[in-house]
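The values are calculated or read from the model by the stated rules, or taken from the named source; none is laboratory data. Values in this document were obtained by computation on a predicted structure and should not be read as measured data. Note that each Cβ is placed from the backbone with ideal geometry, even for glycine, and that neighbours are counted across all protein chains shown. Heads up: the accessible areas ignore ligands, DNA and RNA and are worked out on the full protein's heavy atoms, side chains in. Shrake-Rupley method; radii C 1.70, N 1.55, O 1.52, S 1.80 Å.
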Amino acid sequence: KKWFFNEIKMKNKIIDRETLKLARAIIKRTFAKNRLPNTKHIQLQLDSKVAKIEAKKENKAKEFDYWIKLSTLEKGSPIYLPVKSNPYFENIDGKLKNFVQINLKDKIEVVFLKDVSKRKYSPKTEKIALDLGLSNLFATNKGDLFSKRFIDTLITYDTKLTKLTANIQRNGLKPTHSKRYRRLRRKIKEWIKNEINRVLNRIIQVHKPKEIVIERLNFQSPKLSKKMNRILQTFGKGIIRDKLNKIKEEFNIKIEEVNPAYTSQTCSKCGYVSYKNRKSQSVFICEFCKKKQNSDVNAAKNILLRSSEWIGGISFKRKVLDELVKKFIERYER
């Protein structure tokens, strides 16, 4: 507790008062009420000194893909931990690093890393715009609709989650204390992650874009419960951002975010803005020019237009509407 002193010596050097003030501020914020260090989520990160990854060997059980050789305090007596891999990891083109992270959750989860070099990538499309939704996970300005049954699967999972939560609470327990509840949440997250990765990989494969334009993420639906929307907002958005960052690093694709305000109500052909333009979740018919198209595809086209206009960087929703109306009036005589 020497940070409370006005003047102290350490290693024959006087510590100045500004450093002591900084030390007090750090300690105050670190050990303030409800901010004590939490060791609950600390996991084991092991390098080659402690853990060595070995591929499947004939003298060991063949049903496992890898074995981790763990050093112990007894010399010459290692422990072998069997590991099953998954297709997604195996299909990643890269060199396996001799690094292991072991997460201790409901079950033991082992994380491997790969050194992934930038692939040889030749873009064929200058820009592709993505509209994020739940009826269709992604729609492009080219007219593609990816993962058309995304919302149906989410509703199925949501019904199970809501029912299970109600049963647990009727028994006077917290849902997080139930293994079944935690297992279901983990299953939902794994499915969301796999579907997002699968669709974005498919978009890269089909269009080979030089740049991706995407709306600032808002990932929720009134059709889903608060719990499911919370999973989408916190977990789903994070997965999309992580995947886009990986795409940026791996393929050197530029990622641009634009303000999505009124993209679902604006006609991508004439620029007329009205909530009446969107007739249903999937049908868009402009009240002015009568252009008919899929609502999500229309929104993706507007996102593409925003990328080349300064309006895409506006933060305030009302300002976006003012600019859209102004542009429309300038384009067409009353």
* To do: Kindly report, to the nearest 10 Å², the accessible surface of L46 as traced by a 1.4 Å probe over protein heavy atoms only.
  => 30
* Proportion of all alpha-carbon pairs of the stretch 78-182 beyond 23 Å (%) -> 64
* Asked: So what's the Cα pair-distance distribution over the stretch 211-282, bin width 5 Å, in %?
  -> 3, 13, 16, 17, 19, 16, 12, 3, 0
* **Label zone at S117, where the point sits 7 Å out along the Cα-to-Cβ direction: the stretch 242-269 residues whose backbone N lies under 19 Å** => 247-253
* Asked: Measuring with a 1.4 Å probe in the full set of protein chains, what accessible area per residue, in whole Å², belongs to the stretch 186-316?
  -> 50
* Once you've got the GNM for the chain with C-alpha springs shorter than 10 Å, pick whichever of A129, A300, A23 has the biggest mean-square fluctuation. => A23
* State the extension gain, in nm to one decimal, for the chain segment bounded by L173 and E63, taking 0.36 nm per residue of separation less the distance between their alpha-carbons. => 35.8 nm
* Asked: Could you give the nm distance between label points at E109 and F316, where each point is 7 Å from its Cα heading toward the beta carbon?
  -> 4.3
* Among Q169, Q293, Q220, which one moves the most in a GNM of the chain with springs linking Cα atoms closer than 10 Å? -> Q169
* Structure fact -> For Cα Rg over 2.2 N^0.38 Å, with candidates (1) 0.93; (2) 0.98; (3) 1.32, the value calculated from the shown model is option (3)
* Per-pair calculated FRET efficiency, R0 = 35 Å: K291 and K208 via Cβ, rounded to 0.05 -> 0.80
* **Whichever aspartates and glutamates have a C-alpha closer than 20 Å to that of K28, once near sequence neighbours (fewer than 8 apart) are set aside** => E7, D16, E18
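For an R0 of 25 angstrom, estimate the FRET efficiency from the Cβ-Cβ distance between E330 and S282 and round to the nearest 0.05.
Details: r = 31 Å, r/R0 = 1.24.
After rounding to 0.05, the efficiency reads 0.20.
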* Asked: With respect to the cross-link table entries K142/K291; K40/K107; K105/K189; K105/K223, which display a Cα-Cα separation exceeding 22 Å?
  -> K105/K223
* Can you tell me how much longer the chain between K189 and S225 gets when fully stretched, taken as 0.36 nm per residue apart minus their C-alpha distance, in nm with one decimal? => 11.4 nm
* To do: Compute the length gained on full extension between K248 and N12: take 0.36 nm times their separation in residues and subtract their Cα-Cα distance, giving the result in nm to one decimal.
  => 79.9 nm
* To do: Using a 1.4 Å probe over the heavy atoms of the protein chains, calculate the carbon and sulfur portion of the accessible area of the chain as a whole percent.
  => 51
* Write down the percent of antiparallel bridges among all DSSP beta bridges whose residues are both part of the chain, to the nearest 5. => 75
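Leaving ligands and nucleic acids out of the surface, order C267, C289 by accessible area at 1.4 Å, largest first.
C289, C267
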